[in-house]
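A.B. asks: Quick one: the structure is below, questions incoming.
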Amino acid sequence: MLELENLDAGYGKVQILRDVGLHVGAGEIVGLVGRNGVGKSTTLRAIVGLARRMAGRIRVGARLLETSDPSRMASLGIGYVAQHQEICPDLTVEENLLVPLFASRRSPRCIGPIYERFGRLRERARQRAGSLSGGERKVLAFARIMLLEPDVYLIDEPTEGLMPSAVAEIAALVAGMRESGAAVLLVEQDLGLIRKLCDRIYWMNVGRVEACTDGFDAATADRFLGVK
Amino acid sequence: MEQIAAQLANGLVVGTTIALTALGLTLVFGILHIVNLSHGEFYMMGAYFTWAAHSVLGNFWASAVLAALATGLVGGALLLAFAGRLAGAGPLRWALLTLGFGYVLRELAHLLFGNDFKLVDLPLEGTVPYFGGLYRVVVMLASIALIAALALFLGKTRYGVMIRAIASNREAAQVAGVSARKVYAWIAFISALLAGAAGAFMLPITSAYPTMGLEILIMAFVVVVVGGMGNIRGALVASLFAGLLQSVLILVMKPSFAMIVVLCTFMLVLVLRREGVRAAW
């Protein structure tokens with residue numbers, strides 16, 4: 001479903017990713033793990049065009065991803081949930097949900113199922129999104145991407161700074177994406193969550209993918225993160 | 001008492017004209033992050049375009065509409081021509097660039113139209129109690145209608161929501177499918193159009209001359225800063241306050257002193273509240 005081949009990317013003239021390759025199949029959750037600053041977030045941002053691609057290829061399904069315009073990604077079936085600033089804080093909760101629908105010329109009525117699923121969002125529909133709690137902001141960020149039913153989800157550290165109950169909710173959401181047949185590439189620091197959710201894990205070091213394991217492997221975690 | 005009421009009414013007329021210009025300035029800063037020091041020249045362009053169209057068509061209102069649209073297109077294209085190349089550039093670079101634009105546009109006006117004042121007759125005769133000339137009242141109402149239309153457009157329409165999404169968080173809006181390039185084009189057009197409309201409205205009152213944009217720019221810029229850069233409501237409140245204060249002060253002092261007092265008042269507001277009046281609500 002999602003395939004990266006020899007991807008080099010960075011910001012301006014600074015290269016961060018070197019020769020990155022990975023594959024995420026349909027109905028699969030794949031983790032991208034490594035220390036801070038090794039290029040995990042940059043990998044996701046390069047796919048959606050928020051970091052500069054310098055070389056390499058990206059395939060989504062059978063198609064080569066030739067555009068690097070971030071605003072085309074949603075229509076190409078790629079949903080991205082950023083680590084920080086994942087919503088539009090000055091808009092209301094409902095307006096945040098309307099944005100992807102308006103941009104894709106879909107009916108505002110498509111919000112209905114999302115409100116049924118996330119009752120809290122319906123309760124807070126007229127509330128400014130910037131005033132939501134951390135967990136609610138994440139749920140809103142997921143909901144606005146799920147509205148478009150992407151084939152590929154790119155999720156960047158969704159549980160950072162969240163309460164345990166919110167972490168469990170996010171974990172259930174990510175697991176549900178697999179059930180829907182989507183491909184999920186998950187960047188996450190919470191190894192418990194990685195162990196629980198991921199079918200495969202790519203391990204990154206200094207801008208490169210250096211290992212791939214089926215599920216969580218303690219020895220590899222020790223090698224890349226210094227933890228058992 | 002009647003004199004005060006008349007000056008307050010005049011203040012509303014002045015305030016709404018400042019607001020029309022200031023809104024364009026604050027929109028382009030809030031969304032495109034451009035400090036546009038040539039915004040006053042877009043106002044001048046609106047006045048000259050109206051004068052030129054009027055000399056051909058003979059109808060002021062049609063000329064004003066055409067001039068506002070033409071200013072929107074020319075001014076918007078000027079901003080967009082550099083927006084891609086200067087993406088991410090700080091406000092200082094934009095300020096210097098648009099300062100240059102403004103100078104070039106003023107000199108072009110000198111070359112094309114000369115230094116003399118270009119005036120058209122008032123399109124409406126008659127007076128309204130307290131407000132003075134009927135035309136001034138119509139201008140005020142037209143400005144309020146334009147501001148209300150803009151508020152409706154930004155608040156209630158699909159494009160308005162997408163524009164506010166880009167202003168709030170560009171990346172989050174983009175990955176949801178909103179084209180930043182289209183939004184930037186809309187905002188550059190609307191911003192220049194508002195300045196052009198203000199210039200068109202003021203043509204029968206002040207006439208058109210090459211440096212007319214400098215005066216309105218200073219006042220518009222001050223109200224935008226005091227209103228909280230990029231804040232539409234703040235700019236509206238500060239514009240009306242500036243118009244009313246200036247008009248009332250004229251009762252007790254010369255107009256030039258009144259202007260100094262207004263500017264000093266705004267400086268005091270900025271010293272006391274660095275974020276402007278935005279922080280007050």
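A.B. asks: Skip the ligands, DNA and RNA, and give the accessible area per residue of the range A:86-149 with a 1.4 Å probe, whole Å².
C.D. replies: The answer is 45 Å² per residue.
A.B. asks: So if I take the centroid of the Cα atoms in the range A:9-70 and the same for the range A:116-147, what is the distance between those two points in Å?
C.D. replies: 27
A.B. asks: In addition: Using a 10 Å cut-off on Cβ to Cβ distances, tally the other chain neighbours for every residue of B:178-188 and report the average as a whole number.
C.D. replies: 2
A.B. asks: Could you tell me the total accessible area buried at the B-A interface, probe 1.4 Å, in square angstrom to the nearest hundred? Display every interim value, and only then the final one.
C.D. replies: Numbers: alone 13700 and 10700 Å², together 22540 Å².
By this definition, chains B and A bury close to 1900 Å².
A.B. asks: What is the spread of the Cα atoms of the range A:86-149 along each of their three principal axes, largest first, in whole Å?
C.D. replies: Cα extents, longest axis first: 28, 22, 19 Å.
A.B. asks: Let me ask you something else. Please calculate the 1.4 Å probe accessible area of A:GLU66, with all protein chains present, and give it to the nearest 10 Å².
C.D. replies: Solvent-accessible area, nearest 10 Å²: 150 Å².
A.B. asks: Another question, then. Give me the percent relative contact order of the range A:86-149, please, defined on Cα pairs under 8 angstrom at least 6 residues apart. Mind dumping the intermediate values first?
C.D. replies: Values: 70 pairs, mean separation 33.2, N = 64.
Relative contact order for the range A:86-149 comes out at 52 percent.
A.B. asks: Same structure, new question: Give me the net charge of A:ALA46's neighbourhood, meaning all other residues with Cβ under 10 Å from the Cβ of A:ALA46; Lys, Arg count +1, Asp, Glu -1.
C.D. replies: Within the 10 Å Cβ shell, the charges total +2.
A.B. asks: When Lys and Arg each count +1 and Asp and Glu each count -1, what net charge do the other residues less than 10 Å away from A:ALA82, Cβ to Cβ, add up to? Can you show the working numbers first?
C.D. replies: Values: positive: A:ARG45; negative: A:GLU86, A:ASP156, A:GLU157, B:GLU171.
With Lys, Arg at +1 and Asp, Glu at -1, the net is -3.
A.B. asks: Another question, if that's okay. Note down the net charge around B:VAL183, summing +1 for each Lys or Arg and -1 for each Asp or Glu among other residues with Cβ under 14 Å from its Cβ.
C.D. replies: That works out to +3.
A.B. asks: Quick one: how many Å² of B:TYR130 are accessible to a 1.4 Å probe, rounded to 10?
C.D. replies: 120
A.B. asks: Only bridges whose two residues both fall in chain A count here: according to DSSP, what percent of them are antiparallel, nearest 5?
C.D. replies: Approximately 60 percent, going by the DSSP bridge assignments.
A.B. asks: Next question. May I ask you to list the aspartates and glutamates whose Cα is less than 20 Å away from that of A:LYS196, ignoring any residue fewer than eight positions away on the same chain?
C.D. replies: Leaving aside aspartates and glutamates fewer than 8 places away in the same chain, those within reach of A:LYS196 are A:GLU28, A:ASP156, A:GLU157, A:GLU160, A:GLU169, A:GLU179, A:GLU188, A:ASP214, A:ASP217, A:ASP222.
A.B. asks: Follow-up question, since we're still on this one. Heavy-atom accessible area per residue, chain B, 1.4 Å probe: how many Å²? Before the final figure, lay out the partial values.
C.D. replies: Values: 12730 Å² over 281 residues.
Counting only protein heavy atoms, the per-residue value for chain B is 45 Å².
A.B. asks: Quick one: pull the percentage of alpha-carbon pairs in the range B:75-226 with a separation above 24 Å.
C.D. replies: 48
A.B. asks: Where the eigenvalues come from the Cα gyration tensor of the protein assembly as shown, what are the semi-axes √(5λ) of the equivalent ellipsoid, largest first, in whole Å? Walk me through the intermediate numbers first.
C.D. replies: Values: eigenvalues 561, 108, 80 Å².
Output for the protein assembly as shown: semi-axes of 53, 23, 20 Å.
A.B. asks: Using mean Cβ contacts within 10 Å as the protection proxy, how do A:155-163, B:15-23 order, highest first?
C.D. replies: Packing order, densest peptide first, comes out as B:15-23, A:155-163.
A.B. asks: May I pose another question? Would you give the gap between the C-alpha center of the range B:64-140 and the C-alpha center of the range B:202-248, rounded to a whole Å?
C.D. replies: Using only Cα atoms, the two centres lie 13 Å from each other.
A.B. asks: Report the semi-axes of the equivalent ellipsoid for the range B:90-142 in whole Å, largest first, where each axis is √(5λ) for an eigenvalue λ of the Cα gyration tensor.
C.D. replies: Taking √(5λ) for each Cα gyration eigenvalue gives 35, 19, 7 Å.
A.B. asks: Would you kindly work out the equivalent ellipsoid of chain B from its C-alpha gyration tensor and give its semi-axes, the square roots of five times the eigenvalues, largest first in whole Å?
C.D. replies: Listed largest to smallest, the semi-axes of chain B are 29, 23, 18 Å.
The values are calculated or read from the model by the stated rules, or taken from the named source; none is laboratory data. Owing to the predicted nature of the structure, the values given are computational and were not obtained by experimental measurement. As a convention, Cβ positions derive from the backbone with ideal geometry for all residues, glycine included, and neighbour counts pool all protein chains shown. Surface accessibility is based on the protein's heavy atoms, side chains included, excluding ligands, DNA and RNA. Shrake-Rupley method; radii C 1.70, N 1.55, O 1.52, S 1.80 Å.
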